[in-house]
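Engineer: First, the structure itself, so that you have it in front of you.
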Amino acid sequence: MIPKKVILDCDPGSDDAIAMMLAMKSDAIDLIGVTTVNGNRIVPKTTENALRVVQFMKSSVPVYRGCEEPIICNEIPGRKPGLPRVTLNDCHGDFLPLPEAEIRTEKEHAVFYLVKTLMESEGDIYVAAVGPLTNLAMALRIEPKIAGKIKQLVIMGGGHCGANASPAAEFNFYADPEAAKIVMDSAIPKVILPLDATWRACLSEEKCKELAQLGTPEAKVAAALVQKRIDNLKVNDVSEHNYALRHQAGTVAGAMLYRYDNHMAPIHDALAIAYLINENVVTELADANVDIDIAGGLCDGRMVADFHNTKKCKAPVTAKVALNSDAGLFTDMLFAALGK
């Protein structure tokens, strides 16, 4: 099998780091570049974290520093002055628990790297976007033709029946709603992995211990990162966020609540790489007309996936949206890749 050429656009982040490790360890992925963006942390920190992972993995994958601010909105927290960010306590930390990077980024900006690499390609490059979509949106603005050069764009973002950065929106789309809308409005073939899917692919504390016991450096680091995420959920288990979940409509709320109560944590971004390795990790995928709320109100950054009118009124299908995932297969894939 010929490995898929993949560019990973990310904002490391603990789950981004595991996504990077999974991509580098998989025989099905040829990771040709990593681009960083403002998101979980500011770009100097997300870039340093990406470099730390590349160095730790003894990889030669180039890292390109990307956009430091959203296209229009303020950085979060503070999409608007005085508007607090409603989210879980932080589970990332400023820097990954890896040695400080001694390697450096490429000189070219991430946006120009995307434009150049995609335009020079034969349309055989996959992009996994697991942070705010600022880099990709800017690349589309500079050269709209890249939409026809991406084989498939796999996005971790949005929520059909769930949210985590505000009462209405998921973090990546909330961080730069305008960028998300630009990408959604493009002709790029898109698969979206929202919270509905990622919250069903979790690791328990028991599985986390089993991962560490595999004994490889990668497995030990990944297990430590997941355990930190689990510990974070324990802290939040009695918070008002958990109270809100108990009164939130939608099936993903029940899935999230079950995992809170049983000390399990999602590795959101790694599911995007897992999907590129084996599409069977997503068990329910539906055609939808997808839009993003950018009105600036309470639902700013909300993903609106219209499944009904694509069937009834022939509304154009703009993306495939994952609504469920196979936690067992996802776990097996992580163990197989990080344990070798």
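The values are calculated or read from the model by the stated rules, or taken from the named source; none is laboratory data. Remember, predicted model here, so these are calculated numbers, not experimental data. Glycine also receives a Cβ, built like all others from the backbone with ideal geometry; neighbour counts cover every protein chain displayed.
Engineer: Within segment 31-57, how many residues turn out to be in contact with a helix residue (DSSP H, G or I) (Cβ under 9 Å, 6 or more places away or on another chain) and free of Cβ contacts under 8 Å to residues at least 40 places away in the same chain?
Structural biologist: Residues flagged as in contact with a helix residue (DSSP H, G or I) (Cβ under 9 Å, 6 or more places away or on another chain) and free of Cβ contacts under 8 Å to residues at least 40 places away in the same chain within segment 31-57 amount to 2.
Engineer: Same structure again: Looking at segment 269-301 only, could you name the residues that are part of a loop (DSSP other than H, G, I, E, B), surrounded by 14 or more Cβ atoms within 10 Å (Cβ to Cβ) and over 16 Å from the mean Cα position of the chain (by Cα)?
Structural biologist: Once the filter is applied, which keeps residues that are part of a loop (DSSP other than H, G, I, E, B), surrounded by 14 or more Cβ atoms within 10 Å (Cβ to Cβ) and over 16 Å from the mean Cα position of the chain (by Cα), segment 269-301 yields Asn278, Asp293, Ile294, Cys299, Asp300.
Engineer: Could you check, for segment 108-126, whether at least one of its residues is crowded, with 24+ Cβ neighbours inside 10 Å and not in a helix (DSSP H, G or I)?
Structural biologist: No - not one qualifying residue is present in segment 108-126.
Engineer: Filter segment 3-30 down to the residues that are acidic (Asp, Glu), farther than 11 Å from Val130 by Cα and out of contact with any strand residue (DSSP E or B) (no Cβ under 7 Å at 6 or more places or on another chain) and list them by number.
Structural biologist: The one that is acidic (Asp, Glu), farther than 11 Å from Val130 by Cα and out of contact with any strand residue (DSSP E or B) (no Cβ under 7 Å at 6 or more places or on another chain): Asp27.
Engineer: Tell me, yes or no, whether segment 257-265 has at least one residue that is over 29 Å from Asn74 (Cα atoms), in a helix (DSSP H, G or I), at pLDDT below 80 and touching a His at 6+ places or on another chain (Cβ under 7 Å).
Structural biologist: no
Engineer: I would also like to ask the following. Is it the case that segment 35-51 has a residue that's within 21 Å of Ala337 (Cα to Cα), under 18 Å from the mean Cα position of the chain (by Cα), among the β-branched types (Val, Ile, Thr) and surrounded by 19 or more Cβ atoms within 10 Å (Cβ to Cβ)?
Structural biologist: The answer is no; no qualifying residue exists.
Engineer: Continuing with the same structure: Quick check on segment 97-104. Is at least one of its residues modelled with pLDDT of 95 or more and buried (at least 24 other Cβ atoms within 10 Å of the Cβ)?
Structural biologist: no
Engineer: Residues to consider are Ala163, Ala169, Ala180; find the one that is within 21 Å of Ala139 (Cβ to Cβ) and buried (at least 24 other Cβ atoms within 10 Å of the Cβ). Steps first, answer last, please.
Structural biologist: Numbers: Ala163 fails: within 21 Å of Ala139 (Cβ to Cβ); Ala169 fails: within 21 Å of Ala139 (Cβ to Cβ).
Just a single option satisfies the conditions, and that option is Ala180.
Engineer: Restricting to segment 27-44, count the residues that are part of a loop (DSSP other than H, G, I, E, B) and either among the aliphatic types (A, V, I, L, M) or touching a Phe, Trp or Tyr at 6+ places or on another chain (Cβ under 9 Å) (or both).
Structural biologist: Count: 6.
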